[in-house]
Every structure is written in structure tokens, then in C-alpha cells.
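The values are calculated or read from the model by the stated rules, or taken from the named source; none is laboratory data. This is a predicted model, so every value here is computed, not measured. Neighbour counts are summed over all protein chains in view; Cβ atoms, including those assigned to glycine, are modelled from backbone coordinates with ideal geometry. What goes into the accessible areas is simple: the full protein's heavy atoms, side chains included, and nothing from ligands, DNA or RNA. Shrake-Rupley method; radii C 1.70, N 1.55, O 1.52, S 1.80 Å.
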Amino acid sequence: MKIRLCQKYITLLSYSCVKRIFERRRSSVVLSLPGLEVFPGDLLVSEDYMYQSTWLPNTDAKKPKWPFSKKGSPRYKQKQISDLENCLSTMRIPEFTEYEFYNIKDKSWNEVISMQSLENKKVHANPNRRRQESVWELFTSECTYFLDHLLVLKMVFLNTLKYLQSNDHLLDVDAARLFANLDELSQESLNFATSLFITIESREMGSNKTIGLSLADLLTKYFKESLCLTHQIYCLNYTSAVIYLENIKQREDFAVYLKWCEQHEHCKRLHLSDLLVAPLHRLTRYPLLLKNIWKRSMDSNEKISIYSMKEKVESSIRDLEGNVKWLDKSQKFKQLQEVIVWPLLWERDKRFFVPEGFKHLFKETHVENMLSHPGRHLIHEGKLILTESIRLVDAYLFLFDDFLLITKIKRNKRKSSNLEMNLAYSSLHPELQSVIKDGGYCKVLDQPIPLDRLGLRSIDQFHVTVSGMRHAFLIQHENRYQQCVAAFILQAHTESSKKTWISQIETAISSYAETYESKRISVCCQPAESTEI
């Protein structure tokens, strides 16, 4: 009986202590928010959370543990889309009729001449009528380019995006990455069209309103100073803009914005991708328009100036093509540096023992920048199967114009999202993109194999049958003394893939040998410098 009384007393004492502790904590509240109470020494401890503790009575498990948990709910996202649509409904796009040349951009030269007053009818008798028509074609095409493409991009798409961002929508969308220097480009086109119209009025129609520059001086001013340069800047960003657009338009909020813009009457059923490519097409058309004026001009000085401008634009296009190729190559090699991991000396070969205190002496800081050499080109790449002693492993080979790099495909636990992978590694080979998407990377297996030290052998059908390998070939790494220091047996997925690899490697070895021989001969043929004693 005494034992039962003691147990009951202990139980009541424990409950009173717990209750007293709880009341003491409740009395020490220094900050009270709706659904949120903070005590000294606590980090945002909710009142609801305290009541849900296992040692307290009256626990209500249905109450949310955190008051802000509704933010990622579908209802919240739907509210965001609804707010975005309401914001778009308040956006107003101005009309384009305010521009002086809006009503004449679709008229022919004959229609414009017929609109002139009687005293200007003498232009009909101009013997160089075909030249005037060519100049007018340059002007009207520039008007169409400005009004139907650049201005639509700026007013409908860019300004709408800025308006939404000013109202806290699509804040993470990079307008500069998508539209580059669109503002500058549209302003240059407007200035050129306006100046060209003044020149046509004063020089071709005989108007006394304003005195414009001569055609040769006007073309020299714009094509030599600004027009080609602004187009080059835009075109260099075009590839990146298209890739960026393809990824962000998968988002629901951006898709709502894009649909609203593309359905606007100014777009004339054109999509954003159709409008973004317009400056590239315009730049390539300038030489044709200038050539037509040059062919029909009768003034020798004017012909020389226009021909010079045509050559200038064509040279600009060639430079742009070279810059685009260089930029794509630079971007791809930069992405390869992030994907390829170079192991340290003691990781590549366990025979090499390096004490911990000496490891800093073996840091290979230059190997990660090896791929970014401006004269190095990637010829071929792809997935193969590497045969090791007791297993087959996935490998990825990079064939450059001076060495072969063999890597193993390693797997990470974390997989990259599709959007993240597309944005970060868009320039890489599709097979390599699939590796990265699965959370993989490429770890260098051994040192790069120079092409003049590389031996290649195709494994015949007999050895393939005996060993059980299919579509296999052998890579040997020889040192300068023709001693084999490494050998790798690789298997392709198909026979055609194997033949392609062998052909690519043999061609690369042959080209490298020819290049090396030509450089050696050129050095040997240089005259020796005379030394005076």
C-alpha cells in the first residue's frame, strides 16, 4: 500500500513539475506574433509546436508546424499567375504611326514620285532612275526592319518584361541576356533610316526642306562607324539568347508573358525566336543592297565609296563568323574544364608515394587550362567501354588535334536538373550532356597521349571470339624510346562506331605528322644569323 502511494505521489509531483516548467516558459515570452512565440534561448519556437510535443496533453496534430509553408503550394502559384495576367492586362503598347516614314515604307518609288508636287515632276526624267529605285529599296527595307522587327522586340517584348519586373514579376529573367544591345541597335537603325530619308528628299526628290548628306557620305558614316559594330555585338549574343529562351519558356509564368506578347497585333503572328534572328538576316542583306546601288550608279566617286562600304560590311560578316566560332569554341572548352577532373600524381598511380609535407610541390595548376589553348581543336569525342582486368567500365574519349585524352565516367549522387544542365552545358556533345544529366563527370585515367606517341591496333575477329570482346581496338602509349608505357583496350557499341574512331585517330595522327614536318622544314630552311667577332 505504501509503495502504491509513493508511486502516485511521484506521478503527481512529476506532472506538477512539468506544468510549473511549462508555465515558467510561457511567462518568459518576450516576443509574440500570430502563431509564433519566441522565448529567451529559443530559435523561433512556435506555440503550436510546443503544444504538439509528445509530453504535453491536448496535442493537435493537424495544425501546421510552420506558418509560411503555404508559399510553395499550387494555390500560391496559381495566385502568382493570376497576378501576372492582371498586370499584363494593364500594359499598353503605343502605336507606331508617330514615325514619319510609317506610311511610306510599303510604297514603291513610282508611287512616291507620283505623290510629289508638280514642280518636282522633273524627277521622272532622271536618267539614273534605276539607281534611285535601288536607293529607295535600301530605305524601305530599313524601315520594315526597324518597324516590324526591332521596334516590336523593344516595345512589345522588352518593355513589357521591364514593366512586369517593376511590378515584382519575372525578376529572375535576365533581359540583357535575352535581348543584348537591342536598345542601341534600334536607335542606330532609326537614325540611319531617318538620315537616309532626308538624303533622298533633298538629293533625289529635289526638296528644299532640309539639306542632307550625299549618299556616299551617309553610307560611309553609318556603315563605317556604328551600324556594323552594333550588329556584331548583337549577333555574338544570339546563340546564347536562343539557348536561354528555349529553357526559360518552359516556365509557366514566362510562358504566360510570351503568349501575351506573341498574340499582340504588332507581332503579325511572328514568334519571339523569329524576331530575334532578324538582325542576323539584316546584316547579311546589306552587301546585296549596296551592290545593287553600286551597279546602277553612274558617278565614279560614288561607285568607289559604295563598293568600299560593301567590302567593309562583308569583312565585318567574315569577322563575325570567326568571332562566333571562336566564342563557341571558347565556351565549349570552358565547360569541358568543369566536367573533366584531373587526378593528382599519387591518385593516378599508387606506386608513387608522396609524403604529406611534399604534396604541395606537385600541384599541377596548369593542367586544368590545357584545353583552353587557342591553337587546340577538338576533332572527335564519344562514349566507349574500357576493358580492365576483371570488369568493363564506361569511358569517354576526347580526340584533339595533338593528343588523345582517355577518361572514366564517374557518378555523383546528386543529379542535375534538366533546366540547370541545359543552361550550364549547352555547348557540349549530346552524349556528354547525358552523362552530366545523370550526375556524372569525366575523371582522367592517365596522362594525355600525344599523337606522335600513339599506337593504334584493331583487334581481329579471332581474338574477339576467344576473349568475348566485341568491336574492340587497342590504344598504346609509347615514350620517346618507343617503349610502351600504357595500353588500353576499348570497345565501341557498334562496328561502324569502331571504324569511325579508328579512321578519326589515323587521320589525326597523319595530319599532326604533316604539320610537325612542315614546321621542322620551315625552321631548318631559315637562314642562320651571322655573328660578328
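Can you pull out the residues in the range 255-299 that are basic (Lys, Arg) and either open to solvent by less than 70 Å² (accessible area, probe 1.4 Å) or assigned to a helix (DSSP H, G or I) (or both)?
Across the range 255-299, the qualifying residues are Lys259, Arg282, Arg285, Lys291, Lys295, Arg296.
Among the residues of the range 213-227, are any among the polar types (S, T, N, Q) and not in a loop (DSSP other than H, G, I, E, B)? Reasoning before the result, please.
Start the filter on the range 213-227 by keeping residues that are among the polar types (S, T, N, Q), which leaves 214, 220, 226.
Narrowing further to those that are not in a loop (DSSP other than H, G, I, E, B): 220.
Yes, some residue in the range 213-227 is among the polar types (S, T, N, Q) and not in a loop (DSSP other than H, G, I, E, B).
Which residue, of Leu378, Leu399, Leu384, is at pLDDT 85 or above and under 27 Å from Tyr244 (Cα atoms)? First the steps, then the outcome.
Details: Leu399 fails: under 27 Å from Tyr244 (Cα atoms); Leu384 fails: under 27 Å from Tyr244 (Cα atoms).
On inspection, the qualifying residue turns out to be Leu378.
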**OP:** May I ask you to list pairs of residues, at least six apart or on different chains, whose Cβ atoms are under 7 Å apart, with the first in the range 297-314 being among the hydrophobic types (A, V, I, L, M, F, W, C) and the second being not in a helix (DSSP H, G or I)?
**Re:** Met298/Asn128; Ile306/Ser297
Original post:
Given Leu361, Leu419, which one is surrounded by fewer than 12 Cβ atoms within 10 Å (Cβ to Cβ), modelled with pLDDT under 75 and among the aliphatic types (A, V, I, L, M)?
Top reply: Leu361
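Just to be sure, is Val173 in contact (Cβ under 8 Å) with a residue 24 or more places away in the chain and not in a helix (DSSP H, G or I)?
Here the answer is yes, as Val173 does meet what is asked.
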**OP:** Would you confirm whether any residue within the range 79-89 is open to solvent by less than 50 Å² (accessible area, probe 1.4 Å), modelled with pLDDT under 85 and not acidic (Asp, Glu)?
**Re:** no
Original post:
Here are Leu245, Leu327: which of them is open to solvent by less than 10 Å² (accessible area, probe 1.4 Å) and under 18 Å from the mean Cα position of the chain (by Cα)?
Top reply: Leu245
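Confirm whether Ile211 is β-branched (Val, Ile, Thr), open to solvent by 10 Å² or more (accessible area, probe 1.4 Å) and under 30 Å from Gln165 (Cβ atoms).
Details: β-branched (Val, Ile, Thr): yes; open to solvent by 10 Å² or more (accessible area, probe 1.4 Å): yes; under 30 Å from Gln165 (Cβ atoms): no.
In short, no.
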